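Quick notes on the structure that follows.
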Amino acid sequence: MKITRCVHSLLTAVVVSTGFTFFAAAHADDSATASVITTGANAEQIKRGEYLARAADCIACHTVDKAKPFAGGYPLATPFGTIYGPNITPDKETGIGTWSDEDFIRALHTGVGKNGEHLYPAFPYTSFTKLSRDDVLAIKAYLFSLPPIQQKTPENKLPFPFNQRIILAGWKLFNFTPALWQPDEAKSVEWNRGAYLVEGLAHCQECHTPRNGTMGLDHKRAFGGAPLAGWTAYNITLDMESGVGGWKDQELVQYLKTGSVPGKASAAGGMGEAVEHSLQFLTDPDLQAIVTYLRSVPVIHNPIDTKPRFAWGQPSQDDATLRGIAPVSVSSVASGGAELFSGNCASCHSASGSGVTDGYYPSLFHNSTVGASDPNNLLMVILNGVQRHNKGTSDKKGDDVFMPGFADHLSDAQIATLSNFIVQQYGNSATPVITAEQVSKQRKGDSGGFLSSIVAFFQGLWRRV
Ligand code: HEC
Ligand code: HEC
Ligand code: HEC
């Protein structure tokens, strides 16, 4: 069944690419229908669509300039090259203004573009395929209620053979099953809502589940933690040591809502973006439903983890030793770990590393980024800093969470020395010693060479065939 559908799409792709001009012309006439559909959308559907689009974080990958929401151009780094999120405003020339309802549903449910071409799974249709037609149409109604913005999407930077969309037909055969979400009647309403959010709209697996040789999600290790352009999206199963089993429900809700739980973790990188653009806008019942569902996924344990990430470290015992070190004014020439820490980090995180009491500057011990056995996120945070906007609530004004990045200020060797110092003082005894080479790799957001990814891709395909 699945195979038939994919082969069908593949044939469509071949036929359509030869008949492109014809199709483009034929579809141009649909624009009248599209605008009728838009005016037909009612205010309530548009509002619902706005909430759903937020939960799905459509804006994150489709916006590069905040002043031009959904106008595309956002670069997504993949192991194969850069793919740009296209313009999805209702502009008729450079956006999706001429798309019919069925075109839009087909894109989200099957990863096929307007002209029948296969879309790259950097667009998480592998999750969006689970969304109901009603929800997809509400999202479209919302997008079509926004002003059209004319902005051409840059060409993807993918080398041969990855620039051939036809290979995606092969990818889909092994890694994609188009299917709507089927509620499980035996489970609670809350569990089902959580599953729909986690597996569909909020697409948590796209970041937190590792990928197989062909870059498909490895569902056997669902939510088990995965590399993400230099970062690690941690294991979020409820395993006590490797996952978030030691977090209270309320803490998980708070993390998703604010990106910060002092004494446990804060959200930077992709998670910071997910909180900023998407998760903080969800209602409390929806966030609670996400946690209820997460509580039911099979736990995954990694033997290297002997304590939860957040449980490592304590205020430096040798406070006096640290305090004794005079702050180094020209921090960029410092070379020792303690000096680098004192000159660059202690002003906010305090000399003992305990941060400030209200948690705005978090403690560096009992901090999952420092206590993780793999130091990827620690290095990425030092290189890139943290930028996250809290929208605020009825009783609290919105604010910006900001830590500067040190990429331009510290060398690879200095960052390696500083990180080893931090891990030793506040972190996990299982973290391997960090080298300058590793920092250099992290700088490029590189989690494996390009050649090795090509080899892995074809090995994976071959293994599966
Ligand atoms: C993780 C990043 C990401 C998220 C989140 C995302 N998209 Fe996309 N989307 C992409 C990329 C990348 C492409 C281009 C794929 C390609 O070129 O094959 C794309 C393509 C599309 C297309 C096809 C446009 C065209 O011109 O062919 C549509 C429509 C679309 N996305 C709508 C959405 C909607 C609606 C949402 C939210 C429900 C969303 N996207 C969320 C990354 C994303
Ligand atoms: C765009 C990628 C991305 C998406 C989507 C995403 N995450 Fe994350 N997540 C990350 C990254 C990266 C981290 C590590 C952040 C850090 O160290 O600052 C993280 C961290 C977390 C943590 C903290 C774990 C710890 O021990 O510190 C939790 C909990 C979490 N994510 C839950 C979720 C849930 C639930 C969803 C879906 C609703 C989700 N994430 C969606 C990338 C993502
Ligand atoms: C100007 C103040 C400031 C300076 C200087 C600073 N930080 Fe931070 N740091 C922050 C803030 C703010 C956060 C984010 C808190 C949040 O997310 O709620 C943060 C977060 C972190 C985190 C946790 C990130 C995560 O993903 O969970 C680590 C680790 C960290 N800082 C290490 C350092 C190191 C190492 C240095 C020195 C190189 C440093 N910081 C310098 C303000 C600062």
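The values are calculated or read from the model by the stated rules, or taken from the named source; none is laboratory data. Only a predicted model underlies this, so the values are computations on that prediction, with no experimental measurement involved. Glycine gets a Cβ as well: all are built from the backbone with ideal geometry, and neighbour counts include every protein chain shown.
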Tally time: how many residues in the stretch 257-296 are farther than 22 Å from Ala226 by Cα, within 16 Å of ligand 1 (Cβ to nearest atom) and surrounded by fewer than 20 Cβ atoms within 10 Å (Cβ to Cβ)? 1
Filter result (surrounded by 21 or more Cβ atoms within 10 Å (Cβ to Cβ) and closer than 25 Å to Asn390 by Cα) within the stretch 233-251: Ala233, Tyr234, Asn235, Ile236, Val244, Trp247
Return the residues of the stretch 230-264 that are within 11 Å of ligand 3 (Cβ to nearest atom) and on the phi > 0 side of the Ramachandran plot; say none if nothing qualifies. Gly259
So Tyr361 fits all but one of (1) within 16 Å of ligand 2 (Cβ to nearest atom); (2) at pLDDT 95 or above; (3) touching a Cys at 6+ places or on another chain (Cβ under 9 Å); what number is the exception? (2)
Looking at the stretch 291-303, I want the residues that are farther than 10 Å from Leu238 by Cβ and have a partner that is small (Gly, Ala, Ser) and loosely packed, with under 15 Cβ neighbours inside 10 Å with Cβ atoms under 8 Å, at least 6 apart or on another chain. Which pairs are those? Thr292/Ser188
Go through the stretch 65-82 and give me each residue that's in a loop (DSSP other than H, G, I, E, B) and within 17 Å of Pro148 (Cβ to Cβ). Asp65, Ala67, Lys68, Pro69, Phe70, Ala71, Gly73
Could you check, for the stretch 430-439, whether at least one of its residues is in contact with a strand residue (DSSP E or B) (Cβ under 7 Å, 6 or more places away or on another chain), loosely packed, with under 13 Cβ neighbours inside 10 Å and at pLDDT 90 or above? no
For the stretch 356-375, enumerate the residues that are within 14 Å of Val261 (Cβ to Cβ) and not in a loop (DSSP other than H, G, I, E, B). Ser368, Thr369, Gly371
Does Ala122 satisfy the condition of being away from ligand 3 (no atom under 16 Å from the Cβ), surrounded by fewer than 20 Cβ atoms within 10 Å (Cβ to Cβ) and among the small types (Gly, Ala, Ser)? yes
From the option list Gly224, Gly259, Gly194, single residue qualifying as touching a Phe, Trp or Tyr at 6+ places or on another chain (Cβ under 6 Å) and either of a type in the set (Gly, Ala, Ser) or not assigned by TED's automatic domain parsing to the domain that holds Val401 (or both) is Gly194
